[in-house]
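Undergrad: One structure is given below, represented as structure tokens, and several questions about it will come after.
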Amino acid sequence: MKGYALLEGPCLARRTTMGLGGDALAEVRLTEARFAGEALDAAERLARDRGARVVFLGRGSNLLVREGTLPLVVVSLDLGLGLSVRREGGRGILRAGADMPLAALLARAASLGFSGLEALAGIPGSLGGALAMNAGSFGTCLADVLRSALIFTREGGLREAEAGDFVFAYRGCRLREEGSGPAADFLVTEVCLELVRKDPARIRERMAEVFRQKQAGQPIAARSAGCVFKNPRPERPAGRLLEEAGLRGRRCGGMRFSPLHANFLENTGEGSCAQALELIALAREAVERQSGFSLELEVRLWP
Ligand SMILES: Cc1cc2nc3c(=O)[nH]c(=O)nc-3n(C[C@H](O)[C@H](O)[C@H](O)COP(=O)(O)OP(=O)(O)OC[C@H]3O[C@@H](n4cnc5c(N)ncnc54)[C@H](O)[C@@H]3O)c2cc1C
């Protein structure tokens with residue numbers, strides 16, 4: 001089979017940073033973007049036959065996955081494309097496969113002297129996941145530097161979508177076209193970013209500073225999926241609301257809200273998704289009671 005590989009049910013606990021999740025029914029691993037249509041056909045056939053749905057998996061750093069045999073067929077990328085760089089005046093146009101880790105791209109951009117991504121230092125996902133989630137921190141998000149992306153949709157096939165074709169939200173993005181749904185309806189295979197020239201030493205300095213700040217205030221080495229809940233308002237961050245409601249450090253079995261940052265749910269080793277969901281329900285109730293805010297999940301729950 002050319003352009004993609006079919007694999008038996010992947011164990012999602014091994015594919016998510018939280019280390020939770022049962023086995024999906026199957027995995028379709030796309031190795032050449034031009035076969036995205038065939039790969040999606042294969043995934044959808046498998047899903048239809050077995051009453052499952054198709055999901056796109058990046059580096060699993062924003063996912064909370066249930067246990068058991070899951071009615072999911074996973075589509076993943078293994079494109080091995082590397083990075084291409086084009087200079088346009090004082091700008092750099094960087095293009096990479098959507099499966100490239102964001103951290104690798106940041107490191108390459110820094111050594112080439114291209115700035116714009118420094119504030120994203122420490123975010124562990126892939127480039128495709130960062131686009132789908134509009135990942136961001138310290139006031140910068142992926143949308144700020146996106147020029148275009150190669151995407152596959154059922155309606156339009158494989159095509160280059162310009163930044164303006166996307167509607168970005170706080171931790172999410174959808175296509176502008178009529179009838180397209182949320183991010184899960186388009187597969188990102190390549191991402192093209194527009195950065196500006198800067199001294200590599202200054203870029204690295206800023207990245208190190210961002211990383212230091214995250215290290216001091218977030219459990220970056222723990223098994224988590226980053227922030228569990230979205231901030232209801234910038235001036236009312238979910239972490240603060242959770243703290244005020246007494247959730248910091250609250251534990252259920254092997255899961256706990258981090259003692260360092262209440263909006264991070266940690267798997268301390270023997271945690272389960274059921275325990276995570278119990279804590280999430282408890283936290284929502286407590287925050288609603290305490291401050292009137294109803295917290296919305298930032299992590300994606302599968303299935
Ligand atoms: C320690 C830690 C710190 C974090 N800090 C931050 C932070 O500061 N800011 C922030 O925004 N996030 C943060 N996150 C969350 C996470 O890293 C980001 O959301 C990241 O962009 C997710 O990328 P991923 O490849 O892991 O996506 P996944 O978790 O695999 O998937 C997330 C979503 O993106 C979709 N998706 C993934 N790849 C593709 C693709 N190729 N095409 C279409 N859809 C796709 C999936 O279907 C899913 O809906 C943090 C996570 C951790 C563990």
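Undergrad: Could you list ASP99, ASP144 so that the one with the fewest beta carbons within 10 Å of its beta carbon is first and the one with the most is last?
TA: The order, fewest Cβ neighbours first, is ASP144, ASP99.
Undergrad: First select every other residue whose beta carbon is under 10 angstrom from the beta carbon of ILE93; then total the charges, Lys and Arg +1, Asp and Glu -1.
TA: With Lys, Arg at +1 and Asp, Glu at -1, the neighbours total +3.
Undergrad: Using Cα-Cα distances under 8 Å and only pairs 6 or more residues apart, what relative contact order does the chain have, in percent?
TA: The value is 17 percent.
Undergrad: Now for a separate question. Please identify every one of the GluC sites (Glu not before Pro) in segment 117-196 that sits in a loop by DSSP and has no more than 12 other beta carbons within 10 Å of its own beta carbon.
TA: Passing both the DSSP loop test and the Cβ count: GLU155, GLU178.
Undergrad: Additional query: For segment 4-77, what class follows from the C-alpha gyration tensor (a ≥ b ≥ c being the square roots of its eigenvalues): rounded when a/c is under 1.5, otherwise prolate if a/b is larger than b/c, else oblate? The partial results should precede the final answer.
TA: Details: a/c = 2.34, a/b = 1.38, b/c = 1.70.
Since a/c reaches 1.5 but b/c is at least a/b, the shape of segment 4-77 is classed as oblate.
Undergrad: How do TYR4, TYR170 line up, fewest other C-beta atoms within 10 Å first?
TA: Values: TYR4 24, TYR170 13.
In increasing order of surrounding Cβ atoms, one gets TYR170, TYR4.
Undergrad: Assigning unit charges at the beta carbon (Lys, Arg +1; Asp, Glu -1) and nothing else, what dipole magnitude in debye, to the nearest 20, does the chain show about its Cα centre? Mind dumping the intermediate values first?
TA: Details: 41 positive and 36 negative charges, 145 e Å.
Dipole about the Cα centre, nearest 20: 700 debye.
Undergrad: Once the convex hull of the C-alpha atoms of segment 83-217 is built, how many Å³ does it hold per residue, rounded to a whole number?
TA: Details: hull volume 13.1 nm³, N = 135.
Hull volume normalised by residue count: 97 Å³.
Undergrad: Stretched out fully, how many nm does the piece from ARG240 to THR69 gain, at 0.36 nm a residue minus the Cα gap?
TA: Gain on extension, ARG240 to THR69, equals 58.0 nm.
Undergrad: Report the normalised scattering of the chain as log10 I(q)/I(0) at q = 0.09, 0.11 Å⁻¹, calculated by the Debye formula with identical scatterers on the alpha carbons.
TA: Normalising to I(0) and taking log10 leaves -0.46, -0.69.
Undergrad: How about LYS230: which lysines have a C-alpha closer than 30 Å to its C-alpha, ignoring those fewer than 8 places off in the same chain?
TA: Straight-line reach from LYS230, under 30 Å: LYS214.
Undergrad: Report, in whole Å, the centroid distance computed from the Cα atoms of segment 77-123 and segment 32-55.
TA: Distance between centres, Cα-based: 29 Å.
Undergrad: Shifting gears a bit: Magnitude of the Cβ-charge dipole of segment 1-78, K/R +1 and D/E -1, about the Cα centre, nearest 20 debye?
TA: The dipole of segment 1-78 has a size of about 140 debye.
Undergrad: Further, regarding this structure: Given only helices, namely DSSP H runs of n ≥ 4 each adding -39500 (n - 2.57), what is the per-residue ellipticity at 222 nm of the chain, to the nearest 500 deg cm²/dmol? Numbers along the way, then the final one.
TA: Details: 6 runs with 76 residues, N = 303.
Per the formula, -8000 deg cm²/dmol.
Undergrad: Hey, another quick one. Starting from the Cα gyration tensor of segment 150-303, multiply each eigenvalue by 5, take the square root, and state the resulting semi-axes largest first in whole Å.
TA: Numbers: eigenvalues 204, 105, 49 Å².
Equivalent ellipsoid semi-axes, largest first: 32, 23, 16 Å.
Undergrad: Something else now. Taking 0.36 nm per intervening residue step and subtracting the Cα-Cα distance, what contour gain separates ALA281 from GLU88 on full extension?
TA: Details: separation 193, 0.36 × 193 = 69.48 nm, distance 5.01 nm.
In short, 64.5 nm is gained.
Any read-out appearing in this document is the output of simple, stated calculations on the displayed coordinates, not a laboratory observation. If you're wondering where the values come from, they're calculated on a predicted model, not measured in any experiment. Every residue, glycine as well, gets a Cβ built from its backbone with ideal geometry; the counts of neighbours run over all protein chains shown.
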